[in-house]
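Below: one structure, written as C-alpha cells.
The values are calculated or read from the model by the stated rules, or taken from the named source; none is laboratory data. These numbers come from a predicted model, not from an experiment. In this analysis, Cβ positions are derived from the backbone assuming ideal geometry, glycine residues included, and neighbour counts consider all displayed protein chains.
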Amino acid sequence: MAAMNLTPTIIIRIKETNMNMKDFFAVRLPAIVKGVNRSNVIIALVALAIILNALFNHLVLSRSGLREMIEAGNKLPDFSMKLIDGRDVSNRDFLGKPAVYFFFANWCPCAHLSIKFVKRAFEKNKGSNLAIYGVGIQDSTARYGDFVKKHNIEFPVANRGGDDFAESLGIRTTPTLVFVDDKGIVRFHFLGKVERYEQVETGLNTIMGTATSP
C-alpha cells in the first residue's frame with residue numbers, strides 16, 4: 001500500500017511546482033520505483049497510471065487553454081449557432097424554458113446508439129416548454145445533415161458554431177447531454193453512450209421534475 005499512499009503527495013507536488021514531463025521521469029519516477037518489491041509491482045503500476053493521468057490532465061488543461069467540464073450549478077455561457085435549416089439560435093432564445101443539448105458527431109458510434117433515447121424524450125415532452133437541440137461537433141457540416149437524415153430527427157440541430165459552444169462548456173466527448181433549467185443554469189450532464197431512457201429521464205427531472213417514464 002506504500003506505493004498507493006505516495007500518489008496524492010506526488011500529484012500535489014506536480015501541480016504545485018508545475019513539474020514538466022522530463023523532470024517527472026528523471027526525479028519522481030525513480031523515487032517511486034525504488035524500494036518496490038515484486039509483490040507490490042501491480043500496486044505500483046496502478047499508482048503510476050493514476051499519477052500519469054493526473055499529470056497529463058494538468059499539463060493539457062494548463063498549457064492548451066482547454067476548459068474543464070462545466071459543473072452543475074453554473075450558468076450556461078453565452079453562445080450562438082446556426083441551425084441546419086438556416087436559422088440562427090443563441091442562449092437568449094432559451095430564456096424561461098428548460099433545454100437539453102445533445103452534442104454528437106456522425107463518426108461516433110455511441111452517438112448513433114444514443115440518439116433514440118433523445119428522440120424519445122422529445123416525443124414524450126411535445127406540448128411542454130422543453131427545448132431539445134442537437135449540436136454537431138468534431139465533424140463536417142454535411143455529415144451533421146447525414147446524421148439527421150439517418151435518424152429522422154425532428155428537433156432542431158446546429159451544424160455551425162457547435163465546436164465553440166462545446167469548448168465553452170469543456171466538452172470533448174461525444175455524445176454528451178447537457179440539461180439546463182429555465183433560468184439558464186446547468187443542472188445535469190451525461191457523458192458517453194446512453195444505454196437506457198432512465199439516464200435521460202434523470203437529467204430531465206433536474207430541470208422539469210415532471211418527466212414521464214417510458
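Step by step: first the residues of the range 181-199, then only those that are of a type in the set (A, V, I, L, M, F, W, C) and assigned to a strand (DSSP E or B), then the one that is farthest from LEU95 (Cα to Cα). Which residue is that?
The residue in question is LEU191.
Checked against (1) among the small types (Gly, Ala, Ser); (2) part of a loop (DSSP other than H, G, I, E, B); (3) closer than 21 Å to ASP88 by Cα, ALA142 meets all criteria but (2). Restricting attention to the range 134-148, the residues that are surrounded by fewer than 22 Cβ atoms within 10 Å (Cβ to Cβ), more than 16 Å from ILE171 (Cβ to Cβ) and not β-branched (Val, Ile, Thr) add up to 5. Taking the criterion of being out of contact with any strand residue (DSSP E or B) (no Cβ under 8 Å at 6 or more places or on another chain) and either basic (Lys, Arg) or not assigned by TED's automatic domain parsing to the domain that holds LEU169 (or both), the residues of the range 96-128 that qualify are LYS116, LYS119, ARG120, LYS124, LYS126. Can you pull out the residues in the range 129-152 that are closer than 22 Å to MET208 by Cα and in contact with a strand residue (DSSP E or B) (Cβ under 8 Å, 6 or more places away or on another chain)? LEU130, ALA131, ILE132, TYR133, GLY134, VAL135, listed by residue number.
The rows are residues; the columns are (1) crowded, with 19+ Cβ neighbours inside 10 Å; (2) not in a loop (DSSP other than H, G, I, E, B).
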| position | (1), (2) |
| --- | --- |
| ASP78 | no, no |
| LYS82 | no, yes |
| GLY86 | no, no |
| ARG92 | no, yes |
| LEU113 | no, yes |
| PHE117 | yes, yes |
| LYS126 | no, no |
| ILE132 | yes, yes |
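Applying the condition of being of a type in the set (S, T, N, Q) and free of Cβ contacts under 8 Å to residues at least 60 places away in the same chain to the range 105-146 and asking which residue is farthest from LYS82 (Cα to Cα) yields ASN129.
Among the conditions (1) within 18 Å of GLU68 (Cα to Cα); (2) of a type in the set (A, V, I, L, M); (3) not in a strand (DSSP E or B), VAL178 misses just one, which is (3). Does ASN152 satisfy being surrounded by fewer than 22 Cβ atoms within 10 Å (Cβ to Cβ), on the phi > 0 side of the Ramachandran plot and modelled with pLDDT of 90 or more? Yes, satisfied.
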